[in-house]
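Below is one structure, written out as structure tokens, with a few remarks after it.
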Amino acid sequence: MPENGRSRTWLWIVIGGGAFFLFTLAVFTLVYLTLHAGGEKASLTGFGDKIGVIELEGVILDPKTIVGQLKKFGDDDSIKAIIIHVNSPGGGVAASEEIYREVKRIRDDKKKRIVASIETVGASGAYYVSAGTNKIYADNGSIVGSIGVIAQWVNYGDLLRWMKLKSETLKVGEFKDTGDPTREMTPAERAYMQSLIDNMYGQFVKAVADGRHAKEADIKAIADGRVWTGQEALSMHLIDQIADFQAAVDDTAKAVNIKGEPVLVHPERRRETAFDLLFGDVSQWLPTREKLMENQLGFYYLWK
């Protein structure tokens, strides 16, 4: 083939490839916008008085998303009240406390009504968060409570010795490697760890007592890690009303003088990436945060 013929062929290949790429990009852009149009429209439009709804689901490890959503709704004057829809066994101590503090800021500083509606589970750190609201709703069969602190890990020292492996640690400070999973804790280390847990437990009890307008001694008497049904929790004054989510919406609307059906505003959904659009949801193949949590030492307001 003559040289100019080959050049023309390559030119058409380049033009065709570029056109195909642009067409594919346009299709994915259209799909992306279509997927998000509904979620954003439901979140950002609508007339009438609005109630913000935030989902507190799964194990609480990273508070940034929930705290950001709370700040946005708390500072938005068009949002008359906030409902935290709870279905969580709790999670990290610090993470739960961060969310609790933002709930308290909205309730006490912003003077905006904020309530918790517990669905299936509202335990430990999730109950900690709920205790900071103006009112707690739960179903009869909801799991509520588990006021306590836990820290646990696997000691695999015997396995290492069986495999003829030896762990080496260089440290400065007696307690620097407390919790080393390759050996038993010393009595001093165990006492030290227990003192930390006792302190966190005291913070939990105080937060619940403050939120529920109860005496710390009364809360401490039942704060042994147990859970109760919503029906039992009502009689113990750990919740305020037996109600499903819709009933909680109706009651909250009435409390803030919303006439008629309120507009429920949800935070914008997570935006899918091009990878998600191409390959779908691959989360089932990735290690969950709960599994990763099992492999690290930490302190948790968590019901297991």
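The values are calculated or read from the model by the stated rules, or taken from the named source; none is laboratory data. Please read these numbers as outputs of a predicted model, since none were measured by experiment. Backbone-built Cβ (ideal geometry, glycine too); neighbour counts: all protein chains shown.
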| Pairs with Cβ under 8 Å, 6+ apart, first in segment 74-85 and in contact (Cβ under 8 Å) with a residue 60 or more places away in the chain and within 21 Å of residue 260 (Cα to Cα), second in a helix (DSSP H, G or I) and polar (S, T, N, Q) | 81/252; 83/252
| message | Just checking, does segment 157-168 include any residue being loosely packed, with under 12 Cβ neighbours inside 10 Å and closer than 28 Å to residue 97 by Cβ? | response | no
| message | Residues that are without any contact (Cβ under 8 Å) to a residue 60 or more places away in the chain, surrounded by 22 or more Cβ atoms within 10 Å (Cβ to Cβ) and within 13 Å of the chain's Cα centre (by Cα): does segment 102-117 have at least one? | response | no
| message | Whether any residue in segment 287-304 is surrounded by 14 or more Cβ atoms within 10 Å (Cβ to Cβ), at pLDDT 50 or above, in contact with a Ser or Thr (Cβ under 7 Å, 6 or more places away or on another chain) and under 24 Å from residue 112 (Cβ atoms) is what I want to check. | response | no
| task | Give just the number: which of (1) modelled with pLDDT of 95 or more; (2) over 27 Å from residue 119 (Cβ atoms) does residue 273 not satisfy? | result | (1)
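With the requirement that a residue be of a type in the set (Phe, Trp, Tyr) and either surrounded by fewer than 24 Cβ atoms within 10 Å (Cβ to Cβ) or closer than 18 Å to residue 251 by Cβ (or both), what does segment 118-141 give you? Can you show your working first?
Keep residues of segment 118-141 that are of a type in the set (Phe, Trp, Tyr), which gives 127-128, 137.
Passing the criteria: only 137.
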| task | Quick one: residue 268 ticks every box in (1) among the acidic types (Asp, Glu); (2) touching an Asp or Glu at 6+ places or on another chain (Cβ under 9 Å); (3) modelled with pLDDT of 95 or more except a single one, so which number is it? | result | (3)
| query | Of the residues that make up segment 65-74, is at least one part of a loop (DSSP other than H, G, I, E, B) and within 15 Å of residue 130 (Cβ to Cβ)? | reply | no
| Exclusive hit being assigned to a helix (DSSP H, G or I), acidic (Asp, Glu) and within 19 Å of residue 151 (Cβ to Cβ), set 189, 184 | 189
| said: Looking at residue 248 and the list (1) assigned to a helix (DSSP H, G or I); (2) modelled with pLDDT under 95, which single condition is not satisfied? | reply: (2)
| segment 184-223: number of residues that are charged (D, E, K, R), loosely packed, with under 14 Cβ neighbours inside 10 Å and within 18 Å of residue 157 (Cα to Cα) | 2
| message | Which pairs turn up if I take residues in segment 231-242 that are at negative phi and look for partners that are exposed (fewer than 15 other Cβ atoms within 10 Å of the Cβ) with beta carbon separation below 6 Å, at least 6 apart in sequence or on another chain? | response | 231/140; 242/140
